[in-house]
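Quick notes on the structure that follows.
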Amino acid sequence: MTSVSQQVSSGGALSSVARFVDRVEGIVRVIALPSLVQLVLRFALAVPFWKSGILKWDGFLRLSDTAVTLFTDEFMLHLPGGPYPFPAPAVVAFLSGCAEVTFPVLLVLGLATRFAALGLLFMTLIVWGPGRVSLDFLIRRVLRLPNP
């Protein structure tokens, strides 16, 4: 028995409340197993990246025009050391699309999870940054530094 049920074992109504609390504690212990929580979190993190990755493709290994436009005009991410004999934003878009489809699968399967999570984390923080609601933004504003 838990301490709650030991303290109120003599009372009728309080005893039934204590038994209810014991049952709820038992259920929570079963549900909150670290392995189960980790699995749920892996799914929760994988789904948005999977959806984003799927939108970048028009077919098997064929990028959508929108994905290339995003990397050319919006993100303006390019491989260092240009100019290139091939369009650099298309290469970055292709690599990003591959990563956004592959890493969530690895995450859900529990295969190379740290590597997959690091790749997804890299893509989120590097591409978008923290945004206006962040200490980084506030510090840059106070120091009058340009925001990337």
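The values are calculated or read from the model by the stated rules, or taken from the named source; none is laboratory data. Remember, predicted model here, so these are calculated numbers, not experimental data. As a convention, Cβ positions derive from the backbone with ideal geometry for all residues, glycine included, and neighbour counts pool all protein chains shown.
Residues are listed down the side, and each one gets a yes or a no for (1) outside any loop (DSSP other than H, G, I, E, B); (2) at pLDDT below 90; (3) more than 30 Å from Gln38 (Cβ to Cβ); (4) not acidic (Asp, Glu):
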{"site": "Val68", "(1), (2), (3), (4)": "yes, yes, yes, yes"}
{"site": "Phe86", "(1), (2), (3), (4)": "no, yes, yes, yes"}
{"site": "Ala99", "(1), (2), (3), (4)": "yes, no, no, yes"}
{"site": "Pro104", "(1), (2), (3), (4)": "yes, no, no, yes"}
{"site": "Leu125", "(1), (2), (3), (4)": "yes, yes, no, yes"}
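Would you check which residues across the stretch 28-76 are loosely packed, with under 13 Cβ neighbours inside 10 Å, of a type in the set (D, E, K, R) and under 20 Å from Val105 (Cβ atoms) and list them? If the condition is that a residue be loosely packed, with under 13 Cβ neighbours inside 10 Å, of a type in the set (D, E, K, R) and under 20 Å from Val105 (Cβ atoms), then Lys51, Asp58, Arg62 are the ones that fit.
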